[in-house]
Amino acid sequence: MASQVASPSASLHTTSSSTTLSTPALSPGSPTTLSPDDLELLAKLEEQNRLLETDSKSLKSVNGSRRNSGSSLVSSSSASSNLSHLEEDSWILWGRIVNEWDDVRKKKEKQMRELVRKGIPHHFRAIVWQLLCNAQNMPIKDQYSELLKMTSPCEKLIRRDIARTYPEHDFFKEKDSLGQEVLFNVMKAYSLVDREVGYCQGSAFIVGLLLMQMPEEEAFCVFVKLMQDYRLRELFKPSMAELGLCMYQFEWMIQEQLPELYVHFQSQSFHTSMYSSSWFLTIFLTTFPLPVATRLFDIFMSEGLEIVFRVGISILQANQAELMQLDMEGMLQHFQKVIPHQFDSAPDKLIQAAYQTKYNAKKMKKLEKEYTTIKNKEMEEQVEIKRLRTENRLLKQRIETLEKHKCNPRYSEDFVLQLETELVQARLREAESQCALKEMQDKILDIEKRNCSLPDESNVARLQEELIGVKLREAEALMGLKELRQQVKDLEDHWQHHLTRVTGRWKDSPRKNAVSELQDELMTVRLRGAETQAELKEVKQRMLELETQNQISSNQLCRAEKECSSLREKVQYLTAQNKGLLTQLNETKRKIAEMDCKNKEDVMVLRLREADSIAAVVELQQKIADLEIQKNKRCDRCVRLVIIIFKEEKVHTEGNQSHVFTHCSSSVIVKN
């Protein structure tokens, strides 16, 4: 508003100055240069109209520049200067960003990401990468020289892989060159700092890219930050659990967004890790040429591993038609030879396509939890399988021991009948345990189906009651299983005691075969009992998981209700505040419009007054000229009158003549 008020005053100042410059032409000393009154007034009015048009254009340009300045990113003198303007030089822009990094990162994070996606200038990459990962002034930088003096157990592996890192780049291709030496130093220093990870093949490409941009100390600090804060450490651990998680998430994205290609991959046994593991381990540095890969690494430094998922999906989308026609070997060749050179001249096209793909951060978090649960379950199953194998081996050993110590005893018919009866009872109890186990499994499936519905308070209470009932049944089943195992143990002890007590040989071979069968069946029952116990443990674990999920659901429900109430209050408050602001805005607009109209009216009044004053000045000057002409005429008449009087009184004396002249002079003075 101040600028809009100032512009008319400036135009007034210009008009008045032009008027003062033109007034000497109207001075009495030069009356012959004056133009007629009408023509001069018309010229002045045309000049005023031209100035008014100029002032209106200048006001529009000022308003336009103000609107543009609202989208500025960084300011050197004030926060409203527009650095994203097309005429702003990129060097000046990034220089200002670096100088005022804290304010930019806090207040303009979204605009900062957009700039990074467009590419960081080469000469600013070193400092901007350090700022993005907050790797400046790290204490570990002071330890770098000491780490180089130590010996690392990974030195041989590092030396072996250095020659394979960027073999065509001038900085690294020569053996024992400066590039290979500093790359070895950084990798060795990190292997000493993080002994759990040590050295992993593929990390040298990331360090090599850092060394192309900055000295080795700064590259070491940035690499430490990347390993700690960008999930790279989990990727490079010996177990590579994080890489498995990335493959799981990426495979889900393919199945969700490219179902036909996913089915084709499955039919060809073309696993995700066969082509995408290097994407995550090297951030495309081994896939694309350096100019394209460096642009993607800029975004990785700003946004993390999300860019790898996005670019991976966009690559598959662009090549889906070709991949659908190839077998496994053809697809491998396509990924190795065709895809790396598709975006050599158009990295912006790849980045634009990447940000047009869908990426659901919440779903990725959910997939991470699912993957963790699956891995934990697999580990428990492996432990349980090892335990069952151990028990099975021990049972076989005990059976072999029994057979070795068996001295062909003679058994009575009553003892054999007793064993058969106990075996039948053991089978009945095993069948009951299996029925109870199946019933609990069905109950668990029913509970899981019910748990999938929206958890409200009544559902949670009902699930808790059912959970208590299932726990009671589980306790009963465990008690029955204990009794069954105790009976089996008693049978075995009785059998062993009977073997040691009775000596002799079997006379009846069929009875001997029956006893052997009973013994085998007894061992089978024991094995089934062990399996039943394992299944019961699994059921117990699933019950605990369901209980935990129920508790989490109830907690989430409470938190969601609290958040909803707080959001409702916030919405009400913001609505009221928005209404007040809209009222203030309308009032401000009305005042501005009134002031603009008033200013325009004042300007017009002033300029009309000025035109009137100019016309009055012209009229006064014309009157002055007329008066001067009349004055000149009167002077001529006086002179002629004096001459006539002088001729008439020429005959008088000199004294009288002098008196006449004195009288004439006084009369002229009086007339004037």
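The values are calculated or read from the model by the stated rules, or taken from the named source; none is laboratory data. The structure presented is a predicted model; accordingly, all values stated were derived computationally and were not measured. Note: ideal-geometry Cβ built from the backbone for every residue, glycine included; neighbour counts use all protein chains shown. Please note that ligands, DNA and RNA were not included when accessible areas were found on the heavy atoms of the full protein model with its side chains. Shrake-Rupley method; radii C 1.70, N 1.55, O 1.52, S 1.80 Å.
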| request: Answer yes if at least one residue in the range 604-622 is open to solvent by less than 60 Å² (accessible area, probe 1.4 Å), assigned to a helix (DSSP H, G or I) and of a type in the set (D, E), and no otherwise. | output: yes
| said: Criterion first (assigned to a helix (DSSP H, G or I) and either under 25 Å from the mean Cα position of the chain (by Cα) or at pLDDT 90 or above (or both)) does K57 satisfy it? | reply: no
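Among the listed residues L243, L232, identify the single one that is at pLDDT below 95 and open to solvent by less than 10 Å² (accessible area, probe 1.4 Å).
Of L243, L232, the one residue that is at pLDDT below 95 and open to solvent by less than 10 Å² (accessible area, probe 1.4 Å) is L232.
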| Top-ranked residue in the range 342-373 [being surrounded by 12 or more Cβ atoms within 10 Å (Cβ to Cβ) and among the aliphatic types (A, V, I, L, M); ranked as farthest from V292 (Cα to Cα)] | L367
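One line per residue, one yes/no per condition, for (1) part of a helix (DSSP H, G or I); (2) within 18 Å of V308 (Cβ to Cβ); (3) in contact (Cβ under 8 Å) with a residue 12 or more places away in the chain:
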| site | (1), (2), (3) |
| --- | --- |
| E174 | no, no, no |
| Q180 | yes, no, yes |
| Y190 | yes, no, yes |
| R195 | no, no, no |
| Y199 | no, no, yes |
| F223 | yes, yes, yes |
| E234 | yes, yes, no |
| C246 | yes, yes, yes |
| E260 | yes, no, yes |
| Any residue at all in the range 176-190 that is surrounded by fewer than 20 Cβ atoms within 10 Å (Cβ to Cβ) and at pLDDT below 90? | yes
| note | Sole miss for S458 among (1) modelled with pLDDT of 75 or more; (2) more than 19 Å from M543 (Cα to Cα); (3) of a type outside the set (D, E) is condition (1)
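What residue, among those in the range 132-159 that are among the basic types (K, R) and surrounded by 11 or more Cβ atoms within 10 Å (Cβ to Cβ), is farthest from F284 (Cα to Cα)?
Ranking the candidates gives K141 first.
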